[in-house]
Structures are given as structure tokens and as C-alpha cells.
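Structure record follows, encoded as C-alpha cells.
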Amino acid sequence: MSDFESDTKEKILTDIDEETTEPPMYKVLLHNDNFTTKEFVVHILVSVFSKTLDEAAELMWRVHRHGVGVAGIYPLEIAETKVNVVSMTARENGFPLQLTLEKE
């Protein structure tokens with residue numbers, strides 16, 4: 001391989017490395033309220049956030065005691081989709097469950 005080919009290959013690999021950055025991540029925060037049932041929160045954590053039943057129950061109690069908890073950490077588009085799905089499902093079931101996003 002010539003010096004030109006070697007330099008060109010190295011520059012291309014460097015350019016590729018510089019272009020592949022991880023997307024910013026966002027925390028999906030679950031907020032406590034006095035109306036959404038504990039069972040519904042656990043259901044959402046299992047079905048939308050892929051928590052085990054034990055993980056969901058533990059997080060639900062943490063949110064209940066402390067007012068807020070992290071349901072998951074995702075790239076922005078996925079985090080927004082999860083918030084929208086949960087919000088829509090909560091409203092359809094008559095619950096005011098609130099979720100917010102926070103950049104990590």
C-alpha cells in the first residue's frame with residue numbers, strides 16, 4: 001500500500017469516527033399524584049418501560065415516597081414516544097399521570 005493510500009484510508013477512518021457520536025440521552029421522569037392507581041403505574045412500567053414486576057413495584061413505591069423517579073433513559077425520540085404512549089393510555093383510563101423529560 002502506498003503512502004497516499006495509507007493516508008487516505010486513515011483520513012476516512014478518522015472522519016467516520018468523528019461523525020459517529022452517541023445521541024444525547026433523556027431521562028423519562030415519572031411523577032407521583034394522588035389519583036393514578038398504583039396498579040396502573042406498575043402496569044405502565046411493565047408494558048411500556050419493560051420493567052419486571054418486581055422492578056416496577058419497587059419504582060412505583062420510590063415514586064410514591066419521593067414524588068418522582070426515573071422510568072428509563074433513552075434517546076430523545078424514543079423518550080418522547082414513551083411519554084406520549086403513557087400519557088395517552090393514562091388519559092384513556094381517566095388518570096392524570098405525568099411524565100417529563102430531563103436531559104442526562
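Just so you know, all these numbers are worked out from the coordinates, no wet-lab data involved. What you see is a predicted model, and the numbers here were worked out from it, not measured in a lab. Please note: Cβ atoms are built from the backbone with ideal geometry, for glycine as well, and neighbour counts cover all protein chains shown.
Looking only at residues in the stretch 62-79 that are touching a strand residue (DSSP E or B) at 6+ places or on another chain (Cβ under 9 Å) and free of Cβ contacts under 8 Å to residues at least 24 places away in the same chain, the one that is farthest from T100 (Cα to Cα) is R62. Only one entry of V41, V86, V46, V28 meets the criterion of being assigned to a strand (DSSP E or B) and either polar (S, T, N, Q) or surrounded by 13 or more Cβ atoms within 10 Å (Cβ to Cβ) (or both), and that entry is V28. Scanning the stretch 53-71 for residues that are surrounded by fewer than 16 Cβ atoms within 10 Å (Cβ to Cβ) and more than 16 Å from the chain's Cα centre (by Cα) yields L53, D54, E58, W61, R62, H64, R65, H66, G67. Of (1) under 15 Å from Y26 (Cβ atoms); (2) part of a helix (DSSP H, G or I); (3) aromatic (F, W, Y), W61 satisfies all except one. Which? W61 satisfies all of (1) under 15 Å from Y26 (Cβ atoms); (2) part of a helix (DSSP H, G or I); (3) aromatic (F, W, Y) except (1).
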